[in-house]
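Student: Take a look at this one; I'll ask things after.
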Ligand code: AMP
Ligand code: GLY
């Protein structure tokens, strides 16, 4: 099978890496890709938001599967254009991708499907905003209704800050604050059958200790030793399947990846948000643990044959990814700085640690330069979280990028808790 991946971030690098290891993949292309993806896939240039151009490229390449990575092309209808050409595509239609593209639409679907989520108001006027902020009180949660690359949400104790963000949004969703740890759970679906992947946890704030502004995600780990073993089954039954059923009932079936961002509150699991594509950086750790070949799984979702796929196989070990971001991210990042140490990671830590590229580019001399906010996603596997985490941070330490930042506490608490449990178990 010839596969074309659309996108050019660390998520697409992780997808391409897994696809390149799948013996059923005879040729792998990525458009537009980045400097790291070029090592595992042939790059093509395309405007990822132009459905006609993506469909034409897929037809030219003879692709038997197109995988659309990011949300913007999905919301723009790129999957529809490829599907209209008769080419199997992993990714929802524009209609179904509104689950991510509009938070108000997602709330409407959840209400209809009986999916547990934060109580909320959709507001457009100053009066509505003030009434909603008053109704919930602090901490305030204010969300831009539309796509905002993970940066449209403000959670604050400060009513003036909440109000200013709401007024700047145009249409905004103001909702109840959800307490408790967050979990990202992905599911592959063909619009009818739903196959959950293993849960992961993302670190959304820029700085250690969950301080600083929200970002697209600064690191992730999987599995979650602290989570209830029933969590995946529960979320399948109460969130994922009802949502997929509701979208099918509406005549806009969702096929592709349904991402549930969840809060595990004292009153039970609540949906924080849906996304219509693989999460970044959680994909890096989930795919690092998936043993089932990826192309067949995605192809089954794209062709409505997921029910026939055997149970997924997973490694028992753990995976951790640490994002290296540019100076000033999530503000306007500084770009064009040289990245050193990539070869050292490959030589000294590979293959259990590896560097997935997000915002990188190659200059004429072949040097790899920073080209975006999140630059690299350093990923490692190990027998447990502590082993994977130590290996990931060893690799991070070999990389230099002037002015860059990364969190030092990715998976720290979960690894320490798991070690303590294991020691207590050994002594009992
Ligand atoms: P979202 O883009 O909706 O996932 O929001 C980004 C981040 O904001 C989430 O990962 C949470 O950390 C935080 N957040 C969003 N909604 C809520 C909520 N209702 N209560 C508490 N935190 C939230
Ligand atoms: N890691 C959060 C996201 O992909 O939206």
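Please treat every number below as a calculation from the coordinates, not as lab data. All of these numbers come straight from a predicted model, not from anything done at the bench. Note: ideal-geometry Cβ built from the backbone for every residue, glycine included; neighbour counts use all protein chains shown.
Student: Only helical DSSP H runs with n ≥ 4 go in: add -39500 (n - 2.57) per run for the chain, normalise by residue count and round the 222 nm mean residue ellipticity to 500 deg cm²/dmol.
Tutor: -9500 deg cm²/dmol
Student: I've got another one for you. Which FRET efficiency value, to the nearest 0.05, do you get for residue 156 and residue 390 by plugging their Cβ-Cβ distance into 1/(1 + (r/R0)^6) with R0 = 25 Å?
Tutor: Efficiency at R0 = 25 Å is approximately 0.10.
Student: Measure of size requested: the Rg and Dmax of the chain, with Cα atoms as the atom set and Å as the unit; please supply both.
Tutor: 20.8, 63
Student: What does the extension gain come out to for residue 84 and residue 361, with contour length at 0.36 nm per residue minus their alpha carbon separation?
Tutor: Stretched out fully, the residue 84 to residue 361 stretch lengthens by 96.5 nm.
Student: Along the Cα-to-Cβ line of residue 167, 7 Å from the Cα, sits a label point; which residues in segment 123-146 have backbone N less than 17 Å from it?
Tutor: 123-134, 142-144
Student: I'd like to compare 410-419, 268-277, 13-22: which one has the highest average count of other Cβ atoms within 10 Å, and what's the full order after that?
Tutor: Order by mean packing, descending: 13-22, 268-277, 410-419.
Student: For segment 71-158, just run the numbers: alpha carbon Rg, then divide by 2.2 N^0.38 Å, N being how many residues it has.
Tutor: 1.34
Student: Select from 114, 180, 366 the residue whose mean-square fluctuation is largest in a Gaussian network model of the chain (Cα-Cα springs shorter than 10 Å).
Tutor: 366
Student: Once you keep just the Cα pairs under 8 angstrom separated by 6 or more residues, what percentage relative contact order results for the chain?
Tutor: 16
Student: Moving on to the next point. Which whole-number percentage describes the relative contact order of segment 196-316, with Cα contacts under 8 Å and a sequence gap of 6 or more?
Tutor: 21
Student: Send over the semi-axes of segment 1-151's equivalent ellipsoid, whole angstrom and largest first, taken as the square roots of 5 times the C-alpha gyration tensor eigenvalues.
Tutor: 37, 16, 14
Student: Mind telling me which of 224, 287, 312 comes out most flexible in a GNM of the chain, alpha-carbon contacts under 10 Å?
Tutor: It is 312.
Student: Step by step: find N for segment 22-65, compute 2.2 N^0.38 Å, then divide the Cα radius of gyration by it. What's the final number?
Tutor: Rg over 2.2 N^0.38 Å, computed on Cα atoms: 1.16.
Student: Using only alpha carbon pairs under 8 Å that are at least six residues apart, calculate the relative contact order of segment 301-426 and give it in whole percent.
Tutor: About 33 percent, as a whole number.
Student: Could you check the simple spin-label distance between residue 210 and residue 409, using points 7 Å along Cα→Cβ, in nm with one decimal?
Tutor: With each label placed 7 Å out from Cα toward Cβ, I get 0.9 nm.
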